[in-house]
Every structure is written in structure tokens, then in C-alpha cells.
1. Of the residues that make up the stretch 28-36, is at least one free of Cβ contacts under 8 Å to residues at least 24 places away in the same chain and under 19 Å from the mean Cα position of the chain (by Cα)?
2. Name, by its number, the condition in (1) within 28 Å of H123 (Cα to Cα); (2) in a helix (DSSP H, G or I) that does not hold for R16.
3. Just to be sure I understand, how many residues within the stretch 51-72 are in contact (Cβ under 8 Å) with a residue 60 or more places away in the chain and crowded, with 21+ Cβ neighbours inside 10 Å?
4. If L87 meets every condition in (1) surrounded by 19 or more Cβ atoms within 10 Å (Cβ to Cβ); (2) closer than 26 Å to K108 by Cα; (3) touching a strand residue (DSSP E or B) at 6+ places or on another chain (Cβ under 8 Å) apart from one, which number is that one?
5. Evaluate the stretch 162-174: report whether one residue or more is small (G, A, S) and closer than 18 Å to E211 by Cβ.
6. Provide a single number: the residues in the stretch 170-209 that are part of a helix (DSSP H, G or I) and touching a Phe, Trp or Tyr at 6+ places or on another chain (Cβ under 7 Å).
7. Just give me the residues in the stretch 87-105 being outside any strand (DSSP E or B) and within 15 Å of Q119 (Cα to Cα), in sequence order.
8. Does any residue of the stretch 107-115 turn out to be over 14 Å from the mean Cα position of the chain (by Cα) and part of a helix (DSSP H, G or I)?
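Values in this text are rule-based calculations from the coordinates and carry no lab data. Computed from a prediction, not measured in an experiment: that's the story for all the values here. Methodologically, a virtual Cβ is constructed for each residue, glycine included, from the backbone with ideal geometry; neighbour enumeration extends over all protein chains shown.
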Amino acid sequence: MSALANQVGQSNLAERIFSEGQLGNLLGGGDARRYALVNRALKDGSLIRLKRATYILGQRNSSESVHPFAVAQALLPGSYVSFETALAYHGWIPEAVFTTANVSPGRKTITYDTPSHGQFSFHPLALQEYQFLAGVAREKFGKLTAFVAQPLRALMDLVALRKEHWSSLDWLITGMRIDEDRLLPLKRKDFAALRSVYKHKAANDFLHSLEAAILTKKGAAKGRLADD
């Protein structure tokens, strides 16, 4: 373990994501000494640079690895995890997701490739003012937290990003491989919470059509049970 990793590991920065400034405050001394310690730790893998001036300890020097969702928040503060990443996290889609995809408050798509946690992508969406975090929950990952879209919000973010138009539930069940049992528990209040989120008419039409399709499906299921 490098001297830097040993010092960080015994501080309150252990198992956290920290900045150049926090590292400087901890290490003290002159710039040349600090740069030498950082470069040595980066070379032996005991320190990992996520992006410019943002670091974590290498996993072998930390008792608890930092969750990718927490890394995403550090890479672009103000963003939240969504799209296929959040759907997989909630168990709505079966496929493994290799990029941690997020919605960003900015105006352009940004991608980061990290040596420890793979690729992160950040995508802007056309959202109504003050609705950025509707349907998004703050979740705890070890000592850190991250904002993660709830399943319906993640799905609708994906629809908005791809500019999908409603066809039928089959696109979700067959195309996205979302189990019908995940969709049917959705309630009117879940849809109501997202009605004022998206600026584009296509996304709002999709939300409305999805709600109608699910309510119709529920009604048919209740009718069958009554007949039995």
C-alpha cells in the first residue's frame, strides 16, 4: 500500500469519493510532494482517478468498494441514474447493463470511461422546469448516496431519449423483455406523478397510452376472475 493510500485509508475519506482539494488538505505539505505521492499511488493502483481532480482508493485498499451509482453522482453532480441501468437495478429487464446511464441537467451528452467502474453516460432530456427529480428516489449505497429513477420514470426517460412512439404493450413485454407482472401493479398515481415531466408530446402520449393499456389489462383480468 502506498503512503498516500495508507493515510487516506485512516481518514474520513476512506470508502468515499474525494476531490483534489480534500486530498491536499489531508496530505498537507507542498505541491511537489503532493503530486509525487499522487503519481506514485496512481501508478501502483492504490489510488484511482475517476476524472480530473476526482479520486477513490483502489479496491484492494478499501474494505468496501464504491458503488457505480455513487461514482456517477461524483462524475456529474445533479444527475440521476436512469434508462436501462435503473430498469436493470429494479429488476425490470433481465439483461446485464455495462454502461451506467444517467439523465443530466446539462445540454449535451457526456461520456466518461473510468479504469475501475467502466463507462458512464449522461444524457440531457427535454423536461419541464422543476420536474427534474419527479419519480426519482435518493438511495443509500454504503456510506454514499445516489439519485435513482424509479422504474416507470426510468422507462419513460428511455422513451423520451429514443423518441419512441406508442405501439402496444408488446414493445415493452417482447421488445424490452419487461415482465407483465412488473407493469400491472402500476397505479394511476404513478402515472399522475409523471404527467407534467416531459416537454415532448410523443412522450406524454406514450405515458397516456401506457396507462390506458395497463388499466384495460387490469379490468380484463378482474372480469375473468369475476366470471370464475
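1. Taking every residue of the stretch 28-36 in turn, none turns out to be free of Cβ contacts under 8 Å to residues at least 24 places away in the same chain and under 19 Å from the mean Cα position of the chain (by Cα).
2. Checking R16 against (1) within 28 Å of H123 (Cα to Cα); (2) in a helix (DSSP H, G or I), the one that fails is (2).
3. Qualifying residue count, the stretch 51-72: 6.
4. Among (1) surrounded by 19 or more Cβ atoms within 10 Å (Cβ to Cβ); (2) closer than 26 Å to K108 by Cα; (3) touching a strand residue (DSSP E or B) at 6+ places or on another chain (Cβ under 8 Å), L87 violates only (3).
5. The answer is yes; a qualifying residue exists.
6. Count: 6.
7. Across the stretch 87-105, the qualifying residues are A96, V97, F98.
8. no
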